[in-house]
1. Pairs under 8 Å by beta carbon, first residue under 16 Å from THR97 (Cα atoms) in region 71-87, partner surrounded by 10 or more Cβ atoms within 10 Å (Cβ to Cβ) and among the polar types (S, T, N, Q), six or more apart or different chains?
2. Which number in (1) over 20 Å from ARG287 (Cβ atoms); (2) under 27 Å from the mean Cα position of the chain (by Cα); (3) surrounded by fewer than 18 Cβ atoms within 10 Å (Cβ to Cβ); (4) at pLDDT 90 or above marks the one condition that PRO414 misses?
3. Among the numbered criteria (1) surrounded by fewer than 21 Cβ atoms within 10 Å (Cβ to Cβ); (2) closer than 25 Å to LYS593 by Cα, which one does GLN516 miss?
4. If GLY425 satisfies all but one of (1) touching a residue at least 24 places away in the same chain (Cβ under 8 Å); (2) farther than 20 Å from PHE307 by Cβ; (3) touching a helix residue (DSSP H, G or I) at 6+ places or on another chain (Cβ under 6 Å), what's the number of the condition it fails?
5. Restricting to region 189-234, and then to whatever is in contact with an Asp or Glu (Cβ under 6 Å, 6 or more places away or on another chain) and surrounded by fewer than 21 Cβ atoms within 10 Å (Cβ to Cβ), can you tell me which residue is nearest to GLY364 (Cα to Cα)?
6. Tally the residues that are part of a loop (DSSP other than H, G, I, E, B) and either free of Cβ contacts under 8 Å to residues at least 60 places away in the same chain or within 27 Å of the chain's Cα centre (by Cα) (or both), restricting the search to region 541-564.
7. When you go through (1) modelled with pLDDT of 90 or more; (2) part of a helix (DSSP H, G or I); (3) surrounded by fewer than 18 Cβ atoms within 10 Å (Cβ to Cβ) one by one for MET391, which number turns out not to apply?
8. Specify the residue that is nearest to VAL264 (Cα to Cα); the eligible residues are those in region 105-117 that are touching a residue at least 12 places away in the same chain (Cβ under 8 Å) and loosely packed, with under 15 Cβ neighbours inside 10 Å.
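The values are calculated or read from the model by the stated rules, or taken from the named source; none is laboratory data. Computed from a predicted model, the values in this text were never measured in an experiment. For neighbour counting, all protein chains shown are included, and Cβ atoms are generated from backbone atoms with ideal geometry for every residue, glycine included.
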Amino acid sequence: MASASRRICDSCLAAFSKSTRSQPLSPLRSSISRSRPFHSTQYRAAFAPPSPESLGKARPAREYKRTRRWLRRLGYLTVAGGIGYVIDNQFFASALTRSTRTFALGLTVALDYKINFRENPPFADDITEVHARNAEKLSNLLRKNGGLYLKIGQAIAMQSAILPPEFQKMFSTMFDDAPQNDWTSVRRVIMEDFNGRTPEEVFGVSFSNNGDPTKGVMERKARASASVAQVHWARLPDGREVAIKIQKEEISKQVGWDLWAFKVVARVYSWYFDLPFYTLVPYITERLKLECDFTNEAANSRRMAEFVAAEPRLRDRVYIPKVYDDLTSKRVMTAEWIEGHGTPLDPPKQSTQHLQSASASSPGADLKPDRNYWRGVDGQGGLGLSLSEVMTTMVSLFSAQMFMWGWVHCDPHPGNIFIRRLPSGHSELVLIDHGLYISMSPKFRHEYSLFWKSMMTFDNGTMGRVAREWGVNDSELFASATLMRPYQGGQGRIQKKFAEIGREEDAKKRHYEMQQASRQAVREILSDENKWPKELIFIGRNMRIVQGNNQYLGSPVNRIKITGNWASRALADNKDLKWSERWRYWASHMVFKVVLLGTDVAWWVSRVRQWFGKGKGMDDDMEQQMKKIAEGYGVKMQHDVFEG
């Protein structure tokens, strides 16, 4: 190796010497060459590589063990994450991804409030900005996760009266308008729930081009789609028209994870913000889980039908659609189809075979006969019914559920209530969607009736005693929340609190104090959350929606009077009491009916003002008063807060 290097150096040196000899030397170079003689050995030494002995002992290459270890871990984590994502997406309907997304957002929102919930937030102009951005984040999360998260969002929307206006505005559009699943997914759900039988075998329908007169027909495109299920129209072989409610395929895989995530977040927030509400969460999640079991919904429907049939004041004014148990499972429920009139359904103008052929050639075709002739030639007509009669029936039905039966439908928004015209010309209310119910014990039902009657007669002693039984410190505040109007029979503590906060001139400080007062109001109502009746959550939801329905129609009836009358009558009709107590309550009920005439005076005053364009009705007037009280407790309510 050394000899080869020497030869290379010699050749280089010869070439260099030749090139220098061929050129005349400059005076400077000439003097240098004369003063320092040229030695070839120096050049050889300069180009020769060092000997191995001169380099010393070889050092091993540096190993980056820690870097390699972290790179391996990152690689393993990436692979594991990818595999987990695929498994979660394919087998758990993205439940883990949705839960992770929920926890991440919950953490950021909690930190945002912990840092910025003060008079002068460091990272926001004011508290309203903090509310607005977090309301938007939460709303986007619920919509992106979909499924049961939309149900939770609707529950939040129904409680929006106690939320900041930024949340009210964002959640006012939290409706059941989820996209529907395709027919392939629907078919799988039916086959899984009916032991492998196809929709054709279960419902006796045909999708053949040729058609079969002995078979029925079914629309493959849903008539309505909500967060948990979608509804398809079908005509069975015997001519019955039915609504087939089919749970979305992914819900059964997501429900356990979704409710677990909801409980974890609620537990953390309850501790983090020092608000006593976590003991209510298991009760809420249990109700939501039951709502996903359609056999439970079918049982609820049958029980409500029995209650209505046994009540002479309602049996001719309320109808509960029949449920067909042989065509119902945990994720599929079949009930009779309801139209906007009480007469038998008109037969289709086209034959069943023709409808089957239309379904085969166009899977998304509408096959149900159009029966909108009652709208008139211009399509703008109505049923010609009395609004007062309709609302009297509605308020009476839900009052009977609370005070008489102790079996309460908790989702009476307008989409779950049909009004149809009977041949007699009177109205009939049809109640559907019986998935969410709560049961009231006889003791609690009696106490709730007594509380309502006490509020109506300003019996503050009885009202306070019942409130203390429920662990409520401020009975006046709770009475106002129950009536959804300012309670006038107490000491006026709420109005005084409102006036005190309203005198604060600094807007930011006033707003902050209002928010703090709101938190304190929650603590006053839930002062002993272990004693507080969990049913009140859903009862309050029911009453707010019913008030919103009455308000939407212009308050055609005195809702407070009707509700109070049912409460007093329930006390008198309570068969669990002794005869002496029942007679005492009957005598009190007669006096109470006279007292209720005072509410009629208030209603008629409000009605006359409405006729002259000075108001929108009694419920609107009460809401305006409640807004003032709510603002004193840190809540600014939107105009549509009670709409269902």
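1. Matching pairs, first to second residue: TYR85/THR97.
2. Exception for PRO414: condition (4).
3. (2)
4. Unmet condition: (3).
5. TRP233
6. Counting residues in region 541-564 that are part of a loop (DSSP other than H, G, I, E, B) and either free of Cβ contacts under 8 Å to residues at least 60 places away in the same chain or within 27 Å of the chain's Cα centre (by Cα) (or both) gives 1.
7. The one condition MET391 does not meet is (3).
8. Out of the qualifying residues, it is THR108.
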